[in-house]
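Colleague: Okay, handing you the structure first.
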Amino acid sequence: MSRSIVRQSKFRHVFGQAVKADQGYDDIRVSKVTWDSSFCAVNPKFLAVIVESSGGGAFLVLPLSKTGRVDKNYPLVIGHSGPVLDIDWCPHDDNILASCSEDCTAMVWQIPDHSLTRALSDPVVVLEGHSKRVGIVSWHPTARNILLTAGSDNLIIIWNVGTGEPLLSMDDHPDLIYSVSWNRNGSLFCTTCKDRRLRVCDPRKREVVAERLAPHEGIRPMRAIFTRDGNIFTTGFTRMSQRELGLWDPTNFEEPIALLELDTSNGVLLPYYDADANMVYLCGKGDSSVRYFEITEEPPYVHYLSTFSSKEPQRGMGFMPKRGVDVSKCEIARLYKLHDKKCEPITMTVPRKSDLFQDDLYPDTAGPEPAMEPEEWLDGRDEDPILVSMREGYVPPKSRELKVAKKNVLDSRPTTRRSMSTAFGGDSESEGHQ
């Protein structure tokens, strides 16, 4: 009898575990700026953290392998003249990072593969178009070089970072924009705003296609993200300042698909979404726990799975793209939790007895190839992400480092100048050094 009561799901037993102390990143002075962004961004190669800095704004970029104590003189990325508020790695190039700041600009950086030996102060491009501080940067999920920025001037600008030019701007928001989230193919994005409205925007038509007043009745900040099937997951507060989460169908905003009260705590809940598992991880600023839920087709639609709890409160959180998790350990997500002075990776795993590849846990996931060029997107084309298989236990692009080995073999032989240049020509590692 009990068997039919228990919901069948392969993610019911996901459990979180902090890594051993020597696999964390210590002595990082995390930024104390009062802004509700995650302060941390991570991809299969690098960890980036916004840090305290005197005079201007800075962030730290570490290769993932550089665990342990971070030298206090470790070079930072210093280009902004005001505190950095948000950072985001490009989904199509693991060496490209966007940042935005109180200095009214956004910047795009190329991070070299090796550890920085001196401070990086020259961005690839500076995006100037906002008249007040820029609080949000977000890359387009499928088109190359398309970046969205949102500022305290209530303006949203979409840039082609390849040319450094603004393509589109929207001024439909009368107040501060709290969050922006692209949908799966980047045809729409949703926003939450201080005027308590949730909006769905079509950037190429420059119009708001749907909106909902007060999906959460409280006046404190909301967050919203698109799910893979086009619904919108929101976090906010009730009128009694209880934290609340909701699931909405943007084609019918009248009634929520699901609305769930959580607890009475002050921190804004930052949602991190795993499109492959249809799971969402909720990390409250100042909380010491991470709650995670599964979104499904059947009632109650948002299923509470479990909570990862620890003793220390979190200052921010980074979320690893699926292609960076460890398939051999059945890891389905990895979060990077920021403390006051360190960053602690937390692995989320599904226990399995077998050592074989678990194809039910790892459907094909969004790969690093863009599906289209910026001009195609601007002309109205929509493409889903180009998927890659996880079966090979996605190894971060070490092919670049393997090419170095080829080069070393050639170095050991007497070679003509011409053959040396061809050996270097195909090597993106050497291009990065120039």
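Throughout, read-outs are computed from the coordinates displayed, never taken from laboratory work. Remember, it's a predicted structure, so these values are computed and weren't measured experimentally. Note: ideal-geometry Cβ built from the backbone for every residue, glycine included; neighbour counts use all protein chains shown.
Colleague: Which net charge results when you count Lys and Arg as +1 and Asp and Glu as -1 among the other residues whose beta-carbon is under 13 Å from that of P374?
Modeller: Net charge in that neighbourhood comes out at -3.
Colleague: Restricting to lysine pairs 8 or more places apart or on different chains, what number in the range 1-85 have Cα atoms under 28 Å apart?
Modeller: 10
Colleague: Something else: Taking H as built 1.01 Å from N, whose amide H comes closer than 5 Å to the amide H of L85, not counting residues under 5 places away?
Modeller: Result for L85 returns C100, S101, E102.
Colleague: Convert each backbone phi in the range 259-274 into a coupling constant with the Karplus relation 6.51 cos²θ - 1.76 cosθ + 1.60 (shift: θ = phi - 60°), then list the ³J(HN,Hα) values in order as whole Hz, x for Gly and Pro.
Modeller: Karplus values, whole Hz, x for Gly and Pro: 9, 9, 7, 10, 7, 10, 9, 7, x, 5, 7, 8, x, 10, 10, 9.
Colleague: While we're on this one: Whose amide H sits under 5 Å from the amide H of L262, counting only residues 5 or more places off or on another chain, with H placed in the peptide plane?
Modeller: The list, which skips near neighbours in sequence, is R243, E244, L245.
Colleague: Next question, about the same structure. Peptides 273-286, 132-145, 111-124: what's the order by average Cβ count within 10 Å, highest mean first?
Modeller: By packing density, highest mean first, the sequence is 132-145, 273-286, 111-124.
Colleague: With the calculation restricted to Cα positions, what are the radius of gyration and Dmax of the range 295-370 in angstrom?
Modeller: That works out to 15.0, 42 Å for Rg and Dmax.
Colleague: Per residue of the range 303-318, what does 6.51 cos²θ - 1.76 cosθ + 1.60 with θ = phi - 60° give for ³J(HN,Hα)? Whole Hz please, x for Gly and Pro, Karplus curve as stated.
Modeller: Using θ = phi - 60°, the values come out as 9, 5, 9, 6, 10, 9, 10, 9, 8, 8, x, 9, 8, x, 7, x Hz.
Colleague: Using the Karplus curve 6.51 cos²θ - 1.76 cosθ + 1.60 with θ = phi - 60°, work out ³J(HN,Hα) for each residue of the range 245-255 in order, rounded to whole Hz, and write x for Gly and Pro.
Modeller: 10, x, 10, 10, 9, x, 7, 8, 7, 4, 10
Colleague: Using only DSSP helix segments of four residues or longer, with each worth -39500 (n - 2.57), what per-residue ellipticity at 222 nm results for the chain after dividing by its residue count and rounding to 500?
Modeller: After summing the helix terms and dividing by the residues of the chain, the value is -2000 deg cm²/dmol.
Colleague: Related question: Scaled to the compact-protein estimate 2.2 N^0.38 Å, what is the alpha-carbon radius of gyration of the range 114-179, rounded to two decimal places?
Modeller: Compactness ratio reported: 1.26.
Colleague: In units of 2.2 N^0.38 Å, what is the alpha-carbon radius of gyration of the range 173-264?
Modeller: That works out to 1.01 for the range 173-264.
Colleague: Could you sort 22-30, 233-241 so that the peptide with the highest average Cβ count within 10 Å comes first and the rest follow in order? Walk me through the numbers before you get to the answer.
Modeller: Values: 22-30: 16.6, 233-241: 19.1.
Sorting 22-30, 233-241 by mean packing, highest first, produces 233-241, 22-30.
Colleague: Then there is this: Place the peptides 335-345, 59-69, 356-366 in order of packing, highest mean first, counting for every residue the other Cβ atoms within 10 Å and averaging per peptide.
Modeller: 335-345, 59-69, 356-366
Colleague: Could you list which residues have their amide H under 5 Å from that of V125, counting only those 5 or more apart in sequence or on another chain, with H placed in the peptide plane?
Modeller: Answer set, sorted by chain and number: V108.
Colleague: Take every Cα-Cα pair in the range 96-212 and report what % of them are more than 18 Å apart.
Modeller: Roughly 50 percent, once rounded to a whole number.
Colleague: Against the empirical 2.2 N^0.38 Å scaling, what ratio does the C-alpha Rg of the range 49-114 come to?
Modeller: Ratio of Cα Rg to 2.2 N^0.38 Å: 1.11.
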